[in-house]
Each structure stands twice: as C-alpha cells, then as structure tokens.
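Trainee: If you scroll down you'll find the structure; I have some questions about it.
The values are calculated or read from the model by the stated rules, or taken from the named source; none is laboratory data. The structure presented is a predicted model; accordingly, all values stated were derived computationally and were not measured. Glycine gets a Cβ as well: all are built from the backbone with ideal geometry, and neighbour counts include every protein chain shown.
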Amino acid sequence: MNLRLAFSTGRIVLMVALTSLLLLAARHSSAQAAAPQACSAPEYRQFDFWIGDWDAFEVSDPTTISAHIRIDPILGGCVLKETYEGASGATGQSFSIYDKSRGVWHQTWVTNRGTLLTIEGTLQDGAMVLTGSDRTAEGKPRLVRGIWKTDSLGVRETAATSTDNGATWTPWFDLLFRPRAKAAK
C-alpha cells in the first residue's frame, strides 16, 4: 500500500512539475510575441523607398546604365545594405541605419578604391538628406550632401560638395534609379 501511495504521489508531483513548465514556457512565448520588433517604429521605414534592385543612370545620359545597385534590408529590418557595382569597375557598399538615440539617419560608405564616407541627416519634405565631410584628392576638407527622393519611375539621388563650409555647392553626381531590367533568357 505504501508503495502504491508513493507511486501515485510521484505521478502527481511529476504532473504538477510538467504543468508548471508548460505554463512557464507559454508565458515566455507570449511575452516574446508581445514584445515589439527592435526596429518597428515608423522612423525606421523612412528610407524604405530606396529598397530594390536598380539600374542607375546619370541624368545627363538616361539610356546608358552607369551602375547596378541593390538595396536590401538586413538585420531584422534595422539596416539597409547597399551593394554598388559601377560600370567602370568601382564597387562599394553602404550601411544605413536610423539612430533612434539621436533621431538621425547614419550611412557609412566604403569602396574598393579606399574611399570612406560617413553622412547623417533626416527625412525632409519626403526626401532623405544626409550630409558629412571628407577630403578632396588634395587633402582639402569638404562637405558632402546626398539627397534621395522618389520620382515617377523610381528614385533619384543627387549629391553635391562644398569646399567653403556650405556657402556654395558644386554638383557631384545626379543618378536615376530604375528597377533593374530582367536579363533575356
């Protein structure tokens, strides 16, 4: 009789322990499901208009592809990764992220030609405006400003530079991003 009672008591203890574990797992699972994604606030989506697989054209020559550019959301949608393949052999990558702590977008750009550029800014009147500084080939400091905005067929990116601390700006490039043409089979 004692053996039977001990066995029954052991089964009850085991069932209570399993039930407790299941309840704990369910609570943990629902807490995870209820937790918001790290980059789900609307600010993180401001630059999403740039996401895509693009052929890029200089505005001055809209029939000749100057680069292939792919923009992908990575790291749970927190970062936009740009992969640039220029027709001239230049390649590069940029990483763009919204820095919630400062309320700005940050982009770091690097190339196979040793170029590094960091620019920051905000969405202004529907256009992403990022500025920063680098140096000319002669080592003189200059400001750089890039502006991305949607147009009727895709995205347009313009860039300008200033060597007089922003008093005047010189156009650097003006690109049209169009959805990449599918290769013929």
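Trainee: Between VAL144, VAL155, which is among the β-branched types (Val, Ile, Thr), touching a Gly at 6+ places or on another chain (Cβ under 6 Å) and surrounded by 10 or more Cβ atoms within 10 Å (Cβ to Cβ)?
Mentor: VAL144
Trainee: Further question on the same structure: When the range 92-131 is examined, which residues are found to be under 17 Å from GLU157 (Cα atoms), over 13 Å from the mean Cα position of the chain (by Cα) and polar (S, T, N, Q)?
Mentor: Scanning the range 92-131 gives THR118, THR122, GLN124, THR131.
Trainee: PHE57 - would you say it is modelled with pLDDT of 95 or more, aromatic (Phe, Trp, Tyr), in a strand (DSSP E or B) and on the phi < 0 side of the Ramachandran plot?
Mentor: Answer is yes for this residue.
Trainee: Select, from VAL155, VAL144, the only residue that is in the same structural domain as ALA67 (by TED's automatic domain parsing) and either charged (D, E, K, R) or in contact with a helix residue (DSSP H, G or I) (Cβ under 9 Å, 6 or more places away or on another chain) (or both).
Mentor: The conditions single out VAL155.
Trainee: Considering (1) over 18 Å from GLY52 (Cβ atoms); (2) modelled with pLDDT of 95 or more; (3) of a type in the set (Asp, Glu), say which one GLU138 fails and leave the rest.
Mentor: The failed condition is (2).
Trainee: Starting from the range 118-143, take each residue that is within 12 Å of PHE47 (Cβ to Cβ) and in contact (Cβ under 8 Å) with a residue 12 or more places away in the chain and list its partners that are surrounded by 10 or more Cβ atoms within 10 Å (Cβ to Cβ) and among the basic types (Lys, Arg), counting only C-beta distances under 6 angstrom and pairs at least six apart or across chains.
Mentor: ALA127/LYS149
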